[in-house]
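Peer 1: To start, I am sharing the structure in question, which I have written as C-alpha cells.
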C-alpha cells in the first residue's frame, strides 16, 4: 500500500451501491449515497494491501477496465491485480453455458503492471479459482441489458462461480452498462425503438427489478448513468467510437472512474489519472473543465444511480462562439481580500487585513489549463476587476502590475496571458470604496468566465 488514502476514503463513503435503494434528491453531488453494510464475516478490500478485480463480461467490460489500473495506481493502491474474461457480445446465457461446461471459450485479459496481456482458450472457472478476488463483476450483453427475461440465467451462474471462489471475502458486483449513442446502427437497437432514452430507461428499470433485490450482488456500478449524465453536458452524445463501444479516451475513462469509485468507495474527485491523448470523436484532449464535468456526472450517478441528472455544464453561444460557463463555485471567490502582485511583503497570497481589504472580493488563482486561451471574461456594469498575474509565483515589477478593467467582455487571448503562468481577479466597485453587505452579495455574481468548447 503506497499510502492510507484508500482506507480513509473507504471509511468516509463505504463501498458500492446497495444503498441506492434509498436514494436522496440532493441538488449537489457533494457526497454519494453509496455505502453498504459489511458484515464481520467479510473484510475490506484493502485489508491485504491489494486490489483484485475479475470481470466476467464482453467488449463493454473491456471498455470499463481499460484505464482501471492507472486510475487505481495514481490514487495510491499499492498492488493491483486485474482479470477480464472476454467474449465479444457475450450474454449471461452464454456465460452460464460456459460455466456449466467449463469450456475454454474466453480470451483472458490480465493486468498486473499497467499493461494488458491476453491468453486465449481460457476457462472461466480457472480464472475464478486463480486468485482470492476482492470483486467479481457480472454484466449483461449490451443488446439484452434492458430485457428482464435475459437476466434469469444470472442466479445459476453466480452459484457456479461462488463454488469456485477461494476467498470468503469476494464480493459480487453488477456493472450497469450504457445505452447506445442516439445515431447507433447496432442490430439490437430496434429492441428499444432506436431510442437512447428508452434503452437507458429499460436498463435502469431492469437492474432495479432484477439486480437490486438480489442480496448476493453487493455492489452496483452505475456506469451507464455516469455516461448518460455526461451526455447532458456540452460534451454531448459523442462518447462512443462506433455508436455503442465507448470512445478510447473520454468514454472509457468515465466508465473506468465510475467502476473504480463504486468498488472502492474512493470519490472520483480523488482520482488524478486521466488519458492525455486526443479523443477521436471529440477531436481534442481532455481539459480541466472536461474533468470537472466527468467528476460531477459520476458523483451524481453514485448518488442517484437510476436517473439522469441535468448537467450544469451546458454550452451556450455568445457572439457566434460556443462556450460553457464556469460555475460560480469554481471561481473560489473570497470576501474582503485582494492580491497585489507587486507588493514587497507578500505578492502571491491574498491580503485580508490591509486597510483597503474591505473594498474587494477576489477569485482563486487560475492556470492556463483552467482558464484556457480563448476564454471569455464578462463583468457587470458598475464593477471592475484587476487581472493579477504571476510568472511561476514571482513578484511583478510595479510598472508591470495589470491595470483595472471595466470593459464588459474581454477575451483571454495569447496576448492577455503573455508569459503569465497564473492569473487571478480582484473585484471591486467601478467607483471604488468599501463594499456593503448587499454589495458583497452582488459582487459574488458580477464576474462570469466562459470556457470555449
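Each reported figure results from applying straightforward, stated rules to the coordinates on display, with no laboratory input. Given the structure is predicted, the values throughout are model-derived calculations rather than measurements. Cβ sites come from the backbone with ideal geometry, for glycine too, and all protein chains shown count toward neighbours.
Peer 1: With angles folded into 0 to 90 degrees, how steeply does helix 250-264 sit against the dominant principal axis of the chain? Use alpha carbons for both and round to 10.
Peer 2: 70 degrees
Peer 1: Sticking with this one: Taking volume of the Cα convex hull per residue in Å³ as the quantity of interest, determine which of (1) 132; (2) 147; (3) 163 was computed from the displayed structure.
Peer 2: (3)
Peer 1: As I understand it, the value is the acute angle between the Cα axis of helix 196-210 and the longest principal axis of the Cα atoms of the chain; what does it come to in degrees, rounded to 10?
Peer 2: So the inclination is approximately 60 degrees.
Peer 1: Using helices alone, I'd like the mean residue ellipticity at 222 nm for the chain: each DSSP H run of four-plus residues gives -39500 (n - 2.57), total over residue count, nearest 500.
Peer 2: Computed ellipticity for the chain at 222 nm equals -7500 deg cm²/dmol.
Peer 1: How tilted is helix 154-164 with respect to the longest principal axis of the chain? Cα atoms for both, answer in degrees (0 to 90, nearest 10).
Peer 2: Result, in degrees: 80.
Peer 1: Over its Cα atoms, what ratio of radius of gyration to 2.2 N^0.38 Å does segment 323-452 give?
Peer 2: This ratio for segment 323-452 stands at 0.98.
Peer 1: Go through 371-377, 354-360 and give me the packing order, highest mean Cβ count within 10 Å leading.
Peer 2: Result, highest mean first: 371-377, 354-360.
Peer 1: When the chain is fully extended, how far beyond the present Cα-Cα distance does residue 415 get from residue 47, taking 0.36 nm per residue of separation?
Peer 2: Full-extension gain reported as 127.2 nm.
Peer 1: Sort out for me the Cα centre separation of segment 268-326 from segment 43-122, rounded to whole Å.
Peer 2: 27 Å
Peer 1: Okay, next question. Sort 336-347, 301-312 for me by packing, meaning the mean count of neighbouring Cβ atoms within 10 Å per residue, highest on top.
Peer 2: In descending order of packing, they fall as 301-312, 336-347.
Peer 1: Return the percentage of antiparallel bridges among DSSP beta bridges fully within segment 5-312, rounded to the nearest 5 %.
Peer 2: 35 percent
Peer 1: With a 10 Å radius around each residue's Cβ, average the other Cβ atoms per peptide and rank 66-76, 429-439, highest first.
Peer 2: Highest mean packing first, the order is 66-76, 429-439.
Peer 1: Separation between the residue 367 and residue 352 pseudo-spin-labels, each 7 Å from Cα along Cα→Cβ, expressed in nm?
Peer 2: Rounded to a tenth, the inter-label distance reads 2.6 nm.
Peer 1: Computed FRET efficiency, Cβ-Cβ of residue 152 and residue 116, R0 22 Å: what is it to the nearest 0.05?
Peer 2: Calculated value: 0.10.
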